[in-house]
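Note sheet for the following structure.
The values are calculated or read from the model by the stated rules, or taken from the named source; none is laboratory data. None of the values given here were measured: they were computed from a predicted structure. For neighbour counting, all protein chains shown are included, and Cβ atoms are generated from backbone atoms with ideal geometry for every residue, glycine included.
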Amino acid sequence: MTHPPKTPLLDQVIYPADLRKLEDRDLPQLAREVRDEMIDAVSRTGGHLGAGLGVVELTIAIHSVFDTPDDRLIFDVGHQCYPHKILTGRRDRIRTLRQENGLSGFTRRAESEYDPFGAAHSSTSISAGLGMAIAADLDKNDRRVIAVIGDGAMSAGMAYEALNNAGALDARLIVILNDNDMSIAPPTGAMSAYLARLASGRTYMGFRDFGKKLTAYLGKNIDRAITRAVEHARGYVTGGTMFEEMGFYHIGPIDGHSFDHLLPVLRNVRDNARGPVLIHVVTQKGKGYPPAEAAADKYHGVNKFDVITGAQARVKPNAPSYTSVFAEALVQEAALDDKIVGITAAMPNGTGLDKLAEAFPSRCFDVGIAEQHAVTFAAGLAAEGYKPFAALYSTFLQRAYDQVVHDVAIQGLPVRFPIDRAGFVGADGPTHAGSFDTAFLATLPGFVVMAAADEAELKHMVRTAVAYDAGPISFRYPRGEGVGVDMPARGEILQIGKGRIVKEGTKVALLSFGTRLADCLLAAEDLEAAGLSTTVADARFAKPLDHDLIRQLARHHEMLITVEEGSVGGFGSQVMQYLSSEGLLDNGLKIRSLVMPDIWMEQAKPEAMNAHAGLDRAGIVSTVFRALGRGVAVGVAG
Ligand SMILES: Cc1ncc(C[n+]2csc(CCOP(=O)(O)OP(=O)(O)O)c2C)c(N)n1
Ligand SMILES: CC(=O)[C@@H](O)[C@H](O)COP(=O)(O)O
Ligand SMILES: [Mg+2]
């Protein structure tokens with residue numbers, strides 16, 4: 001049994017105003033206490049550990065120097081904001097992080113006035129900060145806007161779109177580039193190499209010298225009209241060429257764990273900067289917790305863990321995860337077909353493509369946090385006869401929708417889209433739920449859209465996607481482990497647009513798309529027990545739909561219920577559209593479409609989320625009973 005850490009200084013700090021009463025010399029001690037508090041909290045809840053540990057000093061320094069919440073502080077992604085939450089009135093709830101009814105694991109406007117902008121997807125902070133800086137300008141208000149963005153997040157195009165605009169607008173925006181030389185995995189790409197050169201090519205600046213020079217330059221010469229001589233001198237002092245070319249005053253690198261470096265720089269920028277400033281801060285992911293320092297990638301996101309040893313709680317799985325089944329099937333297929341290539345946008349481990357990279361390093365590409373580029377890059381490969389698997393989480397694929405439409409679908413290019421984290425993901429909450437992929441893909445002409453009902457089906461779909469060359473094809477599967485079915489040694493090639501009947505009945509038809517099939521089968525048991533003969537079918541395809549199957553279910557049952565872990569507009573809507581256009585709704589068929597509810601559902605365990613959504617066994621049974629005008633039998637559908 002561990003006890004919460006002793007935190008005498010932190011106990012005096014409820015809000016940043018309390019922190020500002022402390023002396024500078026107290027801040028290292030406060031940092032130690034915040035770190036201990038955070039480690040203790042995350043050891044109990046699980047969550048994002050390494051990123052937050054790396055910004056403890058930076059977070060304290062920002063709150064100490066700036067007048068938050070009037071000055072706006074935006075964290076990119078928001079997974080590093082736990083120290084910020086501890087210091088901004090949420091310490092009393094920090095051990096509810098990512099739990100049902102608890103604090104979000106990210107920044108959220110609804111949660112605190114200290115979170116002026118919500119996040120969880122990366123690389124939005126500079127754009128949002130620019131909007132706020134321009135709003136302040138229009139309001140003739142001199143509040144400052146600070147965007148903290150990681151080196152990984154700096155690989156996304158959106159960050160550069162924002163820098164480009166900010167430089168041109170000469171906006172009063174402070175960007176802090178938190179460079180820990182890590183994304184979730186080691187960072188990739190030329191920009192990452194450039195930052196590493198900047199960070200390693202110069203020693204940290206002595207703050208006295210730096211402070212004087214900075215004041216001189218910022219105070220007098222911050223307009224665009226800086227003379228060449230000053231430019232030259234500034235380059236000597238700060239040396240950040242690329243950002244300076246984009247119109248930013250570039251400071252750094254500075255040591256992001258040293259208050260002696262952070263405080264004078266931030267104060268100087270606060271008091272003197274008039275245009276856009278970029279401060280390059282070097283930190284260490286996992287700082288101050290030896291297990292996390294030793295393996296930053298493994299401690300990016302953690303389960304509950306033992307604080308003393310760092311050992312994470314592992315529940316022995318009953319079945320392999322969908323991600324691992326996908327990865328193994330892809331590696332198996334890739335060994336037989338050298339046209340198969342894999343693409344991940346900074347999620348090699350999360351998507352399982354690290355397995356492909358191990359087996360075939362030259363055929364697997366981590367493009368960084370760059371989903372839009374990932375998709376069009378895949379389109380280019382497909383145009384040249386390759387078989388690209390662009391493996392993305394459902395939620396991150398959203399960012400690349402125009403690329404999917406314009407670069408892939410309209411050209412009919414055979415890009416394969418394995419869509420991981422489809423459906424509720426649990427602790428990451430609404431920003432990460434895989435809700436919309438079926439709706440936004442099945443609406444595109446020529447797309448083949450599949451969902452795996454279990455891990456064996458997933459293997460079939462990997463093989464089917466390899467074999468299908470006529471256009472784009474996707475297959476979705478959820479976070480977590482499979483249902484434990486027997487798996488074939490190799491997947492089969494499925495007939496495109498054909499579903500399957502899993503259980504035959506006569507009165508109620510449950511037509512499932514994806515992994516809700518298991519709950520449909522359990523619901524069918526309850527319905528049979530209540531005297532309702534039930535058919536259960538696995539649609540496999542939302543596009544093209546299996547028209548024969550749907551006609552048969554509609555004609556030979558009193559009731560047809562579609563079930564999917566996705567938003568309205570997806571599979572059920574496709575079925576409804578078909579039934580109505582064929583006149584199959586005209587003869588009294590009772591039809592219901594079970595989808596995720598039209599709300600942003602807060603984090604909870606995925607099972608609880610499915611239950612709230614009415615997508616579990618009990619929800620399916622009660623939908624049938626309600627449609628038949630019967631009450632739910634007590635004890636049924638437990
Ligand atoms: C658009 C998008 N793609 C992928 C992710 C998944 N993701 C979350 S944090 C992260 C790494 C971010 O690295 P960095 O910005 O350097 O922050 P660090 O964790 O190193 O502090 C990734 C890839 C995301 N949140 N958003
Ligand atoms: C912050 C972020 O976007 C990722 O770290 C995400 O939380 C990972 O989710 P998984 O745990 O499902 O890979
Ligand atoms: Mg990083």
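When segment 89-122 is filtered for residues that are among the polar types (S, T, N, Q) and outside any loop (DSSP other than H, G, I, E, B), only Thr96 remains. Restricted to strands (runs of 3 or more DSSP E) entirely inside segment 461-514, those with at least 1 residues that are in contact (Cβ under 8 Å) with a residue 24 or more places away in the chain, away from ligand 3 (no atom under 16 Å from the Cβ) and crowded, with 24+ Cβ neighbours inside 10 Å are 473-476, 508-513. For segment 375-403, a tally of residues being touching a helix residue (DSSP H, G or I) at 6+ places or on another chain (Cβ under 7 Å), under 22 Å from Asp338 (Cβ atoms) and small (Gly, Ala, Ser) returns 3.
Do we find a residue being over 18 Å from the mean Cα position of the chain (by Cα), modelled with pLDDT of 95 or more and within 24 Å of Ile60 (Cα to Cα) anywhere in segment 153-161? I'd like the intermediate steps shown before the answer.
Residues of segment 153-161 over 18 Å from the mean Cα position of the chain (by Cα): 160-161.
If we keep only those that are modelled with pLDDT of 95 or more too, we end up with 160-161.
Narrowing the set further to residues that are within 24 Å of Ile60 (Cα to Cα) leaves none.
No, segment 153-161 contains no residue that is over 18 Å from the mean Cα position of the chain (by Cα), modelled with pLDDT of 95 or more and within 24 Å of Ile60 (Cα to Cα).
Checking each residue in segment 515-549 for being surrounded by 24 or more Cβ atoms within 10 Å (Cβ to Cβ), without any contact (Cβ under 8 Å) to a residue 60 or more places away in the chain and assigned to a helix (DSSP H, G or I) picks out only Ala524.
Matching residues to (1) more than 16 Å from ligand 1 (Cβ to nearest atom); (2) in the same structural domain as Leu130 (by the TED database); (3) polar (S, T, N, Q); (4) over 23 Å from the mean Cα position of the chain (by Cα):
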| residue | (1), (2), (3), (4) |
| --- | --- |
| Leu9 | yes, no, no, yes |
| Leu30 | yes, no, no, yes |
| Met38 | no, no, no, no |
| Ala41 | yes, no, no, no |
| Leu49 | no, no, no, no |
| Thr59 | no, no, yes, no |
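When the criteria are applied in full, Pro361 meets the requirement of being out of contact with any Leu (no Cβ under 8 Å at 6 or more places or on another chain) and under 27 Å from Met154 (Cβ atoms). Where residues in segment 556-610 are assigned to a strand (DSSP E or B) and among the basic types (Lys, Arg), which of them is nearest to Ser512 (Cα to Cα)? Checked segment 556-610; the qualifying residue nearest to Ser512 (Cα to Cα) is Arg592.
Among the conditions (1) in contact (Cβ under 8 Å) with a residue 24 or more places away in the chain; (2) closer than 19 Å to Gly429 by Cβ, the only one that Ala61 does not satisfy is (2).
Would you mind stating whether Ala135 is within 12 Å of ligand 1 (Cβ to nearest atom) and on the phi < 0 side of the Ramachandran plot?
Criteria not met by Ala135.
Can you tell me which residue is nearest to Gly570 (Cα to Cα) among those in segment 422-455 that are in a loop (DSSP other than H, G, I, E, B) and within 15 Å of ligand 1 (Cβ to nearest atom)? My answer is Phe436.
Scanning segment 144-152 for any residue that is closer than 21 Å to Gln284 by Cβ, out of contact with any strand residue (DSSP E or B) (no Cβ under 7 Å at 6 or more places or on another chain) and part of a loop (DSSP other than H, G, I, E, B) turns up at least one such residue.
Conditions (1) touching a residue at least 40 places away in the same chain (Cβ under 8 Å); (2) surrounded by fewer than 23 Cβ atoms within 10 Å (Cβ to Cβ); (3) under 30 Å from Ala608 (Cβ atoms); (4) touching a Pro at 6+ places or on another chain (Cβ under 6 Å), marked per residue:
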{"position": "Gly89", "(1), (2), (3), (4)": "yes, yes, yes, no"}
{"position": "Ala120", "(1), (2), (3), (4)": "yes, yes, yes, no"}
{"position": "Asn141", "(1), (2), (3), (4)": "no, yes, no, no"}
{"position": "Val148", "(1), (2), (3), (4)": "yes, no, no, no"}
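Taken together, the criteria place Ile176 among residues that are assigned to a strand (DSSP E or B), closer than 22 Å to Thr59 by Cα and hydrophobic (A, V, I, L, M, F, W, C).
Could you say which residue among Val621, Val568 is of a type in the set (Val, Ile, Thr) and crowded, with 16+ Cβ neighbours inside 10 Å?
Val621
Taking the conditions (1) within 16 Å of ligand 2 (Cβ to nearest atom); (2) farther than 22 Å from Pro317 by Cα in turn, Gly423 satisfies each one other than (2).
Residues that are closer than 24 Å to Pro186 by Cα, assigned to a helix (DSSP H, G or I) and charged (D, E, K, R) are absent from segment 333-343. Which residues, counting only those in segment 326-351, are within 16 Å of ligand 2 (Cβ to nearest atom) and farther than 16 Å from Phe475 by Cα? Answer for segment 326-351, where residues must be within 16 Å of ligand 2 (Cβ to nearest atom) and farther than 16 Å from Phe475 by Cα: Ala345, Ala346, Met347, Pro348, Asn349, Gly350. When the test is whether a residue is in contact with a strand residue (DSSP E or B) (Cβ under 7 Å, 6 or more places away or on another chain), surrounded by fewer than 23 Cβ atoms within 10 Å (Cβ to Cβ) and without any contact (Cβ under 8 Å) to a residue 40 or more places away in the chain, Glu328 does not pass it.
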